[in-house]
Structures are given as C-alpha cells and as structure tokens.
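Here the structure comes first, spelled out in structure tokens, and everything after it is commentary.
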Amino acid sequence: MIKACDLKSGDLVAIQGAPHIVEDLKVSTPSARGAATIYRFRFRNLVTKAKTDTSCKGDVPFAEISVERRPTQFLYAQDDLLTFMDLEDFSQFTLLRADIAEQAGFLSENMEGITALTVDGKVLTIELPASVELKVAACDPVLRGASATARTKPATLESGLVVQVPEYLTPGETIRVDTRTRKFLQRA
C-alpha cells in the first residue's frame, strides 16, 4: 500500500481492482491550525480511459500495482493504428490512436525514448520522454521587425500537434516541446 502523500504524477495504483495512472496532483494546505492537508488527484483508468477526480487526506492508502516498463520505439502510423517495437525482444505491437490520444500528437516515425507500461503481458499505455523534438510543418510567416519577445503564433508540427511558438520561427525548423505542458521549450 502506498499513501496518498507519497504519490506523484505518473504513478500507478489500483482503484477497485482496475489500474489507474495519476495524471494530475494538487496539494491544498489549509491555513487553519490543525487542519489536514488535502490531496486532489486526477486518475485515468488505463483500461476504460475514464478520468476520476479524488480528494483525500495524506494518510489514505492506495493499492500498488505491479507494472513492467519496457523501452519502446514508435515505428509508424497507419490509419488509426500506431505500431511500436519493444526494444528488448524486438516484438511489435499496435495501439489505437484513440486509446493514447493525448500522447499521439508527440509521436514521430522511428522515435525512441518511449516506455510501454505492461500488466500481465498486455500493453496498457505508453509514457513519453519529458520533451520531444518535432519539425514545424506550417505556421504564419515571420513578421517584419519581429523580435525575440513574448509574442507567439500557432504552429502546426509534423505530427499534427498545434503549439504556440515565438513569432520568429519558420516552417522547417526543429523545436523542442514539453510533453507534460504541451508548450514550446526551445529550438533544437
């Protein structure tokens, strides 16, 4: 059993027997003396993909789940199927784009650094690295007199993901994007 105060984003727990991943965590510390710290979690069921919001005190126990993490490479997308390869035994597996919709926008062909989460030999989901490098496919042209200020414009990346980028970037440039916040980090 793991206590709520020890959980962090990305941890896996069993809720009513089903595997859940911690997607978001907020801690509220009341200002009144003697009041308990409240932990607010957003869990995602890895089987049904349903989200669950839960609030509890820090000493509430959650059942741990044994998950195997395997290094994986994304190979290619074909319609709604995404094909991956396990880098340890070189076996291939496919996931539906709808099942990993939030991560699919960060995938590019032959991308490595991905981790597959498996339970009882079945791949439930994937974990992405903290940041990925993607090429800018389309964006508005550079404005004359554009500077490196905080002004941004939307850019469509090679994977179809749209992020806000500084206005001085042009199509064809490679940028680094944070996979947790979906924000531009820097030029690659």
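The values are calculated or read from the model by the stated rules, or taken from the named source; none is laboratory data. Computed from a prediction, not measured in an experiment: that's the story for all the values here. Cβ atoms come from the backbone with ideal geometry, glycine included; neighbour counts cover every protein chain shown.
In table form, for the structure just shown:
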item	result
Strands (runs of 3 or more DSSP E) wholly inside the range 1-72 containing at least 2 residues that are more than 24 Å from Gln103 (Cβ to Cβ) and either of a type outside the set (Ser, Thr, Tyr) or under 17 Å from the mean Cα position of the chain (by Cα) (or both)	51-57, 61-64
Unmet requirement for Tyr168, which otherwise passes all of (1) more than 28 Å from Thr48 (Cβ to Cβ); (2) in contact (Cβ under 8 Å) with a residue 40 or more places away in the chain; (3) hydroxyl-bearing (Ser, Thr, Tyr)	(2)
Residue in the range 156-179 that is within 22 Å of Val67 (Cα to Cα) and in contact with a strand residue (DSSP E or B) (Cβ under 7 Å, 6 or more places away or on another chain) present	yes
Subset tally (residues that are out of contact with any Lys or Arg (no Cβ under 7 Å at 6 or more places or on another chain) and modelled with pLDDT under 85) for the range 30-54	10
Within the range 88-107, tally of residues that are under 19 Å from Pro129 (Cβ atoms) and either in a loop (DSSP other than H, G, I, E, B) or among the acidic types (Asp, Glu) (or both)	5
Unmet criterion (only one of (1) touching a Cys at 6+ places or on another chain (Cβ under 7 Å); (2) crowded, with 16+ Cβ neighbours inside 10 Å) for Asn45	(1)
Sole exception among (1) more than 22 Å from Val132 (Cβ to Cβ); (2) in contact with a helix residue (DSSP H, G or I) (Cβ under 9 Å, 6 or more places away or on another chain); (3) outside any loop (DSSP other than H, G, I, E, B) for Ala77, by number	(1)
Thr37 surrounded by 12 or more Cβ atoms within 10 Å (Cβ to Cβ), assigned by TED's automatic domain parsing to the domain that holds Asp99 and not aliphatic (A, V, I, L, M)	no
Residue in the range 58-73 that is within 30 Å of Ala35 (Cβ to Cβ), in contact with a Cys (Cβ under 6 Å, 6 or more places away or on another chain) and either outside the structural domain of Val163 (by TED's automatic domain parsing) or modelled with pLDDT under 90 (or both) present	yes
